[in-house]
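Visitor: Take a look at this one; I'll ask things after.
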Amino acid sequence: MIDSRRISQHIRQLPLFTELTPDIVDLFVERVRVVELTRNEIVFHQGQTVQSLFSVISGQIKLVVTAPTGAEKVVEIAGSGRSFGEALMFLERPSPVSAQAVVKTELLEISSELIFSAIDESPRICRALLAGLSYRLHHLVSDLETCCLQTSTERVARFIVEELGADPRKESFTFPANKNLIASQLNLAPESFSRILHHLSEKKIIEVHGRELTVLDKKRLVLES
């Protein structure tokens, strides 16, 4: 279990709460709940009403839609420092996704009551929430565009480019989750994802060793995306 000092640091580092006064942060520390999850443990189910915001302290959470047939589509993989549940908390409607721990995970659960009191304290928090929700909407539209309008190879190449980020010197990264989850997020079968990685490796565009991926030719990779 993490101590109150670490909880306070985590809250202050969240983009939503950088404007909180020390008094409100202290109130949060007293009233938030630390949730410890084992691998595959559920945070909330699809169809459940969610009345809290969650932030990942350590580990990973997958947000997934499950079809009546049992087929799953990963919508997002939230790692350390990422939050989820904001929109669900405001809508007070059944959740369209389930949230499940990918690995052993620690979460901070912040109730809607605390969030609303913070908004009353600082309108800037409301702006931060709107910015966060707008980013999520933009991200979902971008994912929809990727799944509907891009080929499977373009999707994988775009994923690699985005993982590299804006730093032109960065040439490698560790896969942020297991390859099956990444494949689902890209709307691909795991076999297709592996086949495309192999194809890009054969073309000497990338090199994959276990969970490590190195880009050998960034210009050609961008053309593939």
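Visitor: Within the stretch 73-88, which residues are modelled with pLDDT of 85 or more and either hydrophobic (A, V, I, L, M, F, W, C) or surrounded by 17 or more Cβ atoms within 10 Å (Cβ to Cβ) (or both)?
Guide: Hits for the stretch 73-88 are V74, V75, E76, I77, A78, S83, F84, G85, L88.
Visitor: If you go through the stretch 89-112 one residue at a time, how many are charged (D, E, K, R) and at pLDDT below 90?
Guide: 2
Visitor: Give the stretch 195-217 a look and list any residue that's surrounded by 15 or more Cβ atoms within 10 Å (Cβ to Cβ) and under 22 Å from the mean Cα position of the chain (by Cα), or say none.
Guide: The answer is L213, and nothing else.
Visitor: Something else now. I'd like to check something: does the stretch 183-193 contain any residue that is more than 16 Å from I77 (Cα to Cα), exposed (fewer than 14 other Cβ atoms within 10 Å of the Cβ) and modelled with pLDDT under 90?
Guide: no
Visitor: Now, a different point. Could you list, in sequence order, the residues of the stretch 186-225 that are more than 30 Å from A71 (Cβ to Cβ) and of a type in the set (S, T, N, Q)?
Guide: Within the stretch 186-225, just T214 meets the criteria.
Visitor: Oh, and also: For the stretch 177-189, give me the residue count where each residue is closer than 22 Å to V141 by Cβ and in contact with a helix residue (DSSP H, G or I) (Cβ under 7 Å, 6 or more places away or on another chain).
Guide: Going through the stretch 177-189 one residue at a time, the tally reaches 5.
Visitor: Show the residue pairs that are 6+ apart or on different chains and have beta-carbon atoms under 8 Å apart, the first residue being within the stretch 23-50 and under 14 Å from S117 (Cβ atoms), the second being assigned to a loop (DSSP other than H, G, I, E, B).
Guide: Note: pairs meeting the criteria are I24/S122; F28/L20.
Visitor: Do we find a residue being part of a strand (DSSP E or B) and in contact (Cβ under 8 Å) with a residue 60 or more places away in the chain anywhere in the stretch 85-99?
Guide: Checked the stretch 85-99: no residue is part of a strand (DSSP E or B) and in contact (Cβ under 8 Å) with a residue 60 or more places away in the chain.
Visitor: Of everything in the stretch 132-168, what is surrounded by 12 or more Cβ atoms within 10 Å (Cβ to Cβ) and more than 25 Å from L221 (Cβ to Cβ)? Give them in sequence order.
Guide: Of everything in the stretch 132-168, those that are surrounded by 12 or more Cβ atoms within 10 Å (Cβ to Cβ) and more than 25 Å from L221 (Cβ to Cβ) turn out to be G132, L133, R136.
The values are calculated or read from the model by the stated rules, or taken from the named source; none is laboratory data. These numbers were taken from a predicted model, which means no experiment stands behind them. Virtual Cβ from ideal backbone geometry, glycine too; neighbours counted across all protein chains shown.
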